[in-house]
Amino acid sequence: MTAAATPANAAPAAASSLPPFLERLRAQPKLPMIVGGAALVAAAAAFTLWNHGPEYKVLYTNVSDRDGGAIIASLQQMNVPYKFAEGGGAILIPGDKVPEARLKLAAQGLPKAGGVGFELMDNQKFGTSQFAEQVNYQRALEGELARSIESIASVESARVHLAIPKPSLFVREQKKPSASVVLTLQRGRSIDEGTVSAIAHMISSSVPELDAKSVTVVDQRGNLLSAANSGARGLDVSQLKYTQEIEQGYIRRIEAILQPIVGANNVRAQVAADIDFSTVEHTDEKYSPNADPTRASIRSQQSSESNQRGAVPPGGVPGALSNQPPVNPTAPITNPTPPGQPGAQGAQNAQGARGAQGAAAANAANAASTTSTAAAAGPGSSRKDVTTNYELDRSIRHVQQSAGGVRRLSVAVVVNYKDAVEGGKTTPRALTPVEIDQIRNLAKEAMGFSQERGDSLNVVNSAFADDREPPAPEVPVWRDPQNIELAKTVGGYLLVALLALFAWFAVLRPILRKHLAPPPAPEPVVATQETNGDEPKLDDTPQISPEEALRVREAARQKADMDYAHQLAEQDPKLVATLIKHWMNSNDQ
């Protein structure tokens, strides 16, 4: 029995050398599994939180160094975490704090790089000079215009410079204002001519007497954007857009009427339109004779009439002799003429005798007799002039031709071959002349063909080139880039899981099994007596039943427990006494 007790005594001795922590783990075998599972869950949660941190969003972009330092100082005072984007072009903070941070920074006046507006006029000091007021007004106007321009989607920032001359009392010395704009566009964005024209017209409408052609727009790279507004090319953006709309309208009409006949992808049309953008005003005034002279209305009439009787008709020999003046008259001294004698000589004698009154009466009588004599003789002249002005027919026509009329259209139409089935195979076939004529007539009607206007139409029937890309070869699953990326991601997670399993099964689990394994049960020993001796001998091949083996193992376990109790009592008697006392108190209760 001494040999059988040796292994049993070794097990308690080994068990007694274990630390108290391992003794507790040995008493509760499920505790290590719970601790290990909790550790794995904690590691997975930590990895998830580390991989999915707070989402950072842009607070401000492209701020100056001074504003950036002030913004960072304010974020530090508000205990808001921040970080910079690649290259330091933007300040990022957690997405849920962006609105609140922007409101607080705006209350502090940050960022300050933006131009000031009309709020500059709120803090005017008393006694400010007129020059200072004018400068502040110009700065405020420039800031407001810059803010309006920055509201455009493709513009990141803008600066406006106004050149407003001083007013002058002399008309010849007056100058028109001008403006210049510097635009900083968004990264990867561009600006079209329509937007540039809108900016120029907005500034010209905001400054009195400023023409849109006097506004210069430049981008951050130094490119002149307002060249179209200066009139160098003589065209406006709206005119080019109108021409394109006219051409696209004709193209849609032609293709819409031909597609049901030849197919949706079997016809192509292009239109070149010559548009007249000149504005013409024509005034025409015409006069026509009256159709019915009897019904003509008289506008004005003038009549003059003259009669002459008793005048001596001109006579004599033509020449210088007859054109000489008469000789000076002389009064001959003769005897007076008897009364009643006619003629000038008698009148003169009467005048000399009776005086001036008698001479006048004689002359009157002489003239009356002469007139009557001339009238009886019949010489004289008569003249009558009549001038009549009639109203004429008059028509005035004022014609104003608006811009945007079509001068001429040039249309080109290409029609694909028609598919024909021959012998069970589909082959392309050219259209017949009759079909081409039908297509040409339809295109003429769709475009409004005019021979007087000089329109041209060209219809061509040709086979379209097959520009379809050949189908790409199928990529194997293991060569697909998306599958490769997915495999890398899944492989990373699987590698972490395999490392965790390897650490559990290869390191932690063997250690726990080694320290928490129960003591081995003693092997059953059966003693047999020899017939010829008194000493018992071990039988190498005992032949016992299972029930007997179980009894033997139970006896060996009880003996090992007793030996462990004896050993414990020898090492710590106080502990054994306390345990016995506790048992006794439990039995009394």
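Cross-link check: pairs K418/K444; K213/K241; K97/K488 evaluated at a Cα-Cα cut-off of 24 Å; pairs beyond the cut-off: K97/K488. For the pair S450 and Q186 in one chain, pulling the backbone fully straight at 0.36 nm per residue adds 90.2 nm over the alpha carbon distance. Other residues whose C-beta falls under 13 angstrom from the C-beta of F449 contribute a net charge of +2, scoring Lys and Arg +1 and Asp and Glu -1. In summary, the lysines within cross-link reach of K559, defined as a Cα separation below 29 angstrom excluding same-chain residues under 8 places away, comprise K30, K514, K537, K574, K581.
Let's test the formula: R0 of 45 Å, r as the Cβ-Cβ distance of A198 and V41. What FRET efficiency results, to the nearest 0.05?
0.15
Our coupling estimate for the stretch 492-499, obtained by passing each phi through the Karplus curve with A = 6.51, B = -1.76, C = 1.60 and θ = phi - 60°, is x, 5, 5, 5, 5, 5, 5, 5 Hz, Gly and Pro reported as x. What does the charge count near V399 come to, summing +1 for each Lys or Arg and -1 for each Asp or Glu among other residues with Cβ under 12 Å from its Cβ? Here the charged neighbours net out to -1. Sorted largest first by accessible area at a 1.4 angstrom probe radius, with every protein chain in place, the residues R479, R147, R187 fall in the order R187, R479, R147.
The figure for S456 is an accessible area of roughly 40 square angstrom, using a 1.4 Å probe on the protein chains alone.
Taking 7 Å steps out from each Cα toward its Cβ at K286 and A163 produces label points 5.4 nm apart.
Each other residue within a Cβ distance under 14 Å of L59 adds +1 if Lys or Arg and -1 if Asp or Glu, for a net charge of +1.
Grab the beta carbon distance between K559 and L508, set R0 = 41 Å, and tell me the FRET efficiency rounded to 0.05. Result of the calculation: an efficiency of 0.75.
Rounded to the nearest 10 square angstrom, V421 shows an accessible area of 110 square angstrom against a 1.4 Å probe. Extension gain, V496-V135: 0.36 nm per intervening residue step, less the Cα-Cα distance, totals 123.1 nm. Ligands, DNA and RNA aside, K176 has an accessible area near 140 Å² when probed at 1.4 Å.
Distances between placed amide hydrogens fall under 5 Å for Y417 paired with S462, A463, F464, all partners being 5 or more residues away or on another chain. Split the accessible area of the stretch 135-230 by element, probe 1.4 Å, and carbon with sulfur accounts for 50%.
The values are calculated or read from the model by the stated rules, or taken from the named source; none is laboratory data. Small disclaimer: the values here were computed from a predicted structure and weren't measured. No Cβ is skipped: glycine too gets one built from the backbone with ideal geometry, and neighbour counts run over all protein chains shown. When the accessible area is computed, the model is the full protein with side chains, heavy atoms only, and any ligands, DNA or RNA have been set aside. Shrake-Rupley method; radii C 1.70, N 1.55, O 1.52, S 1.80 Å.
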